[in-house]
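*Asks:* Handing you a structure now.
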Amino acid sequence: MLNRQHRFHGYGSLRRVYSNGNSARGSLVSLRYAMRKDNKPYRVAVVVGRKVHKSAVKRNRIRRRLYEIIRRSNDVPESTDLIFTVYSDRVAEIPATELETMINDLLVKTSPSTS
């Protein structure tokens, strides 16, 4: 589980990332990201819509898997807001190593040297 300081609070900051942020797209997951002004810790949100799976249990399982991969990752850039959007229910069943590779590839795209 991610620490409280790494989670979004309120809708205004999410709106800012959606309107002013950049995006990176993977096969099953996309990432929307924006830099923060101050030297603050990163924040992460994972969006899994009802179209992905009707069961809240499955949607929450997907969300928890992504949060855990992000928590353990060393590629998360500081002072960045990240919103992961899941497009497929296959994320719930694919092996953890494959999902971790997919998420880390998206995170590498957010680094300032590749933008």
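A short reminder: the numbers here are calculations on the coordinates, not readings from a lab. Predicted model, so just to flag it, every value in this text is computed and none were measured. Here the Cβ positions follow ideal geometry from the backbone for every residue, glycine too, while neighbour counts run over all protein chains shown.
Here is a yes/no grid of residues against (1) in contact with a Pro (Cβ under 7 Å, 6 or more places away or on another chain); (2) of a type in the set (D, E, K, R); (3) surrounded by 16 or more Cβ atoms within 10 Å (Cβ to Cβ):
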residue	(1), (2), (3)
Met1	no, no, no
Gly10	no, no, no
Ser27	no, no, no
Leu31	no, no, yes
Arg36	no, yes, yes
Ser55	no, no, no
Lys58	no, yes, yes
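*Asks:* Testing Asn39 on (1) without any contact (Cβ under 8 Å) to a residue 60 or more places away in the chain; (2) in contact with a strand residue (DSSP E or B) (Cβ under 9 Å, 6 or more places away or on another chain), one condition comes back false. Which one is that?
*Replies:* It is condition (2) that Asn39 fails.
*Asks:* What pairs come out if I take residues in region 78-101 that are under 16 Å from Arg64 (Cβ atoms) and pair them with residues that are part of a helix (DSSP H, G or I) whose C-beta lies under 6 Å away, six or more apart or interchain?
*Replies:* Hits for this filter: Phe84/Leu66; Val86/Ile62; Val91/Ile62; Ala92/Lys58; Ala92/Arg61; Ala92/Ile62; Glu100/Ile69.
*Asks:* Suppose we filter region 22-58 for residues that are farther than 20 Å from Tyr11 by Cα and among the charged types (D, E, K, R); how many remain?
*Replies:* The total comes to 4.
*Asks:* Looking only at region 83-109, filter to residues that are more than 19 Å from Arg61 (Cα to Cα) and in contact with a strand residue (DSSP E or B) (Cβ under 7 Å, 6 or more places away or on another chain); which one of those is surrounded by the fewest Cβ atoms within 10 Å (Cβ to Cβ)?
*Replies:* Lys109
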